[in-house]
Structure formats: C-alpha cells, structure tokens
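Comments concern the structure below.
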Amino acid sequence: MNTAPLAIDSLNTWLDYWSHVHVTGIDLGLERVIPVAEKLGVTRPQAKVLTVAGTNGKGSTTTTLAAILNAQGYKVGLYQSPHIYRFNERVKLQGMEVDDQTLIDAFVAVDQARRECNLSLSFFEATTLAAFVIFKSKQCDVWVLEVGLGGRLDVVNVIDPDVAVITNIGLDHTDWLGDTIEKIAFEKAGIIRPNIPVIFGGSQELPQAIENKVNECQATLFAVNRDYFYQYTDDGQNWMFASSGTTLKLPVGSLALENISTAVAAILVCGLKVTQAAIAQGIQNAKLQGRFEIRQIQDKTVIFDAGHNPHGVEFLLNQLRKFLEYNKQYTEVVSVFSMLADKDINSVVELLKDTVLTWKIAPLTVPRAAAIEQLDEALQGETVQHFESVQLAFKSALNETKNNQLILVCGSFHTLEAVWEYLEECQ
C-alpha cells in the first residue's frame, strides 16, 4: 500500500476524501481505529480526560464543562459532533474553533498513520483522531470529549477517561444501539473505566446496565436526584447545586439547567482545582448554536433547536413553556420543520402539535432526508404549508409572522443548517 501522505491543501477536499475512503459512513467497532490511534500516540494523553455520552444533552454538557475549565485558566481541548455550519466547530482550543491549516496538518498525520497500518477509517473515525492529534500537539491540560454514537464502540472510547459522564438515555439510533433503554444504556456505559467517578444526569430512573458497569469497574457513581440535586431559586435568575458537603448558588445560563448541573457535578469530582467564581463565569460564558438558541431576525423572535428525537423534543418543550411563561406577548408558535427519514417523526410531531399552530415544511437536501409525503403523513390534521426548500419555508415565516407569534426552527441539525445558510446569503 502507498504510505505517502496525500498532498491536499484544502480542508473541504480533505473532508470529501474522508467521506469516500471507507466503505460505510458508520462502522462501529474499535479494531481498525486502535492501531492507528496507537501509531499516532494519542491513546494515553498527558491530560485530564472527561468523556460525555448520552442520547441528548451531550453538546450542552461538554460546552459547559469546557467553558468552566477555560474560565479557571486551563488549556482545554473540546471535541464535539456533529457540526452545524462549519466543520471547524467540532474542534475547539480554549473556546475558539481551530483554523483550517491546523485540521489539514492533523489529517495528514492521520492519513499517514492509517496507511502505515494498512487500514481504512470512516469519516467520523478519521476526524475524531485528528482532534486528538491536535489536542496532543497543543499540549492541552484537559480534553473534553463528546461521544458520537453510543459509547462502547465509538472511536472516542479508544481513550480512557478520568471522568465518565452519561447525560441521559433515550431511544435513538436503535438500528445501531438496540431497541430498548437497557440495551442503549449498556452501550453508553462502555465509557466507564475502573475506579473513576461516573456522573449520571438523566432524569429517568438509573438504568440497570449502568449500575452493573459501575459495580463491575468499582467506579464511584454520582446520580442526579440521589447524590446531587439542583433547583431554581425563587427569583428564577439563580439556581442551587447541592451534594454531600457542597452547596453552591450559581447563575442561570443560556443552556438547559439539567445539562449545566451535570457539568457542575463532573467538575466537582474531576480532581482539578476549580473555584466557584470560575464555575459561575463558565456557566455564563457557555453558548451553543441550536440548543434553544433565541435570536432576533428582522424584528421577529426565532428559536433554533436541534432536538431530533422524542427525548430531545420533550426537553425543548420544557424550555419553550418556561420562555412563554415569561414572555406572554407570544401566544402562537409557527414551526419551520423538517426531519431525517430514519427518525421517529410521528412521536416528535405528537409532542409538538399541541404547541405549534402552523407547520411550514420542506424536504432536506441530504441523503437521509424524509420525503414531503412522510412529513405530511405524520402531520395529518394539522395546518401545514409546503415549500420546495427549508430556506423558502423560513423566508415565508419571516414575512408572514405576526407580533404575537414566534418562529420555531426544529426537527434536525440539517434544518437549522439550511436556515443559517439562508441567513448568511442574505447578509
């Protein structure tokens, strides 16, 4: 096999290359990845590693973790997926997206290593290893890693974490992870290692599979509503975190409190020196595109939320109800909506239909997009308007929305991405 690295000087060309070099987009398992990771020297970082798995809330939790640690002055490498607008969003150093050249240099190293190992890598495997190469070369103090799919067989799991965080367990990616909560919990629990702290931040009952793995590894479990607690203060501007021996009054951030509290629980057991002031500052600094993101566009209030499964949409609705409670001028919700065909469209619509007055729908322009007929079938009996593209649906929403209506863009990361592209073109 040719072991010479490719002479590619464009990030987009590299991303296209990784999209085609392996036979499938998703290929769970670590057999091919581990030899390449070992050749790259990234499997045993000289850094504190916090790994976050879960069905929903991983992005908000990892963002908050990184923001708190950055506020304390640590050099933090943050890896997340998927990106919404630019690939560079996936890899951040001290809160800033890495530049194209840094990614290109890392891709050269990953490609060289995989050729020397005579192995192919999927897009996700190669791009994740590139993030690790960057964090190693920049000598980050802390690596905050978001698991892509599951946990046990995800490429992120080639690295042993010092703290394992599981945000929650819901039914998603059932073709890959199993069709029950316990089967999915078993996969997520794969990030747990012997004798480390494990945070479980899910609002549901602790799955047996997680408890089993904790016991097997003699790890220390900290579960929400059992080992730590959180609640808003009466003024709604602050909240209280409480665990044995610790009570903190902290500011309310822009992300969901359930995920912020999970991050705080992980910070308190990670073994790093972090002050309450840094925790408070990090919470206020933590921002994430597409997680109940409220924006004013042409004097209209628009909420972007990437919830794409029933658990995520329940989360969205809880935040939306709170928002409407404090902003009583909004009495109606208009949704710009589309989803992927392999998601649970019927359940998502069922959850949203009592809140959404009018649906503006269009097919996405990605391979897994739901056809307009599939969306229509789920929306039977609702007030639905059809458009050729998500961009046209959003343009209609902006032009026709009244003062008492807010616009909710949701259903998929790809739905949000289409609207952001439209807004970028309009500037």
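For VAL409, state whether it is in contact with a helix residue (DSSP H, G or I) (Cβ under 6 Å, 6 or more places away or on another chain) and not in a strand (DSSP E or B). No. Return the residues of the range 181-206 that are closer than 23 Å to PRO310 by Cβ, among the small types (Gly, Ala, Ser) and surrounded by fewer than 21 Cβ atoms within 10 Å (Cβ to Cβ); say none if nothing qualifies. The answer is SER203, and nothing else.
Is it true that PHE387 is buried (at least 16 other Cβ atoms within 10 Å of the Cβ) and more than 26 Å from GLY170 (Cα to Cα)? So PHE387 fits the description; yes.
Can you say whether ALA106 is more than 18 Å from LEU65 (Cβ to Cβ), modelled with pLDDT of 90 or more and either within 19 Å of the chain's Cα centre (by Cα) or not assigned by TED's automatic domain parsing to the domain that holds GLY307 (or both), as far as the supplied structure shows? Judged against the criteria, ALA106 is a match. Scanning the range 100-150 for residues that are aromatic (Phe, Trp, Tyr) and surrounded by fewer than 20 Cβ atoms within 10 Å (Cβ to Cβ) gives a single hit, PHE123.
Taking the criterion of being under 15 Å from LEU40 (Cα atoms) and either free of Cβ contacts under 8 Å to residues at least 24 places away in the same chain or in a helix (DSSP H, G or I) (or both), the residues of the range 134-166 that qualify are ILE134, PHE135, LYS136, SER137, VAL155, VAL156, VAL158. Scanning the range 354-369 for residues that are over 30 Å from LEU324 (Cα atoms) and either touching a residue at least 24 places away in the same chain (Cβ under 8 Å) or outside any loop (DSSP other than H, G, I, E, B) (or both) gives THR365, VAL366, ARG368, ALA369.
What about GLU97, is it in the same structural domain as THR275 (by TED's automatic domain parsing), surrounded by fewer than 23 Cβ atoms within 10 Å (Cβ to Cβ), over 18 Å from LEU268 (Cα atoms) and modelled with pLDDT of 95 or more? Considered against the rule, which asks whether it is in the same structural domain as THR275 (by TED's automatic domain parsing), surrounded by fewer than 23 Cβ atoms within 10 Å (Cβ to Cβ), over 18 Å from LEU268 (Cα atoms) and modelled with pLDDT of 95 or more, GLU97 comes out as yes. Exactly one residue out of VAL336, VAL313, VAL348 is touching a helix residue (DSSP H, G or I) at 6+ places or on another chain (Cβ under 7 Å), within 25 Å of TYR232 (Cα to Cα) and crowded, with 22+ Cβ neighbours inside 10 Å, and it is VAL313.
Criterion applied to GLY57, GLY41 was being under 23 Å from the mean Cα position of the chain (by Cα) and either in the same structural domain as PRO161 (by TED's automatic domain parsing) or modelled with pLDDT of 95 or more (or both), and the one residue passing it is GLY57.
The values are calculated or read from the model by the stated rules, or taken from the named source; none is laboratory data. Keep in mind the model is a prediction, meaning the values are calculated, not measured. Counting neighbours? That spans all protein chains shown, and the Cβs are built from the backbone with ideal geometry, glycine included.
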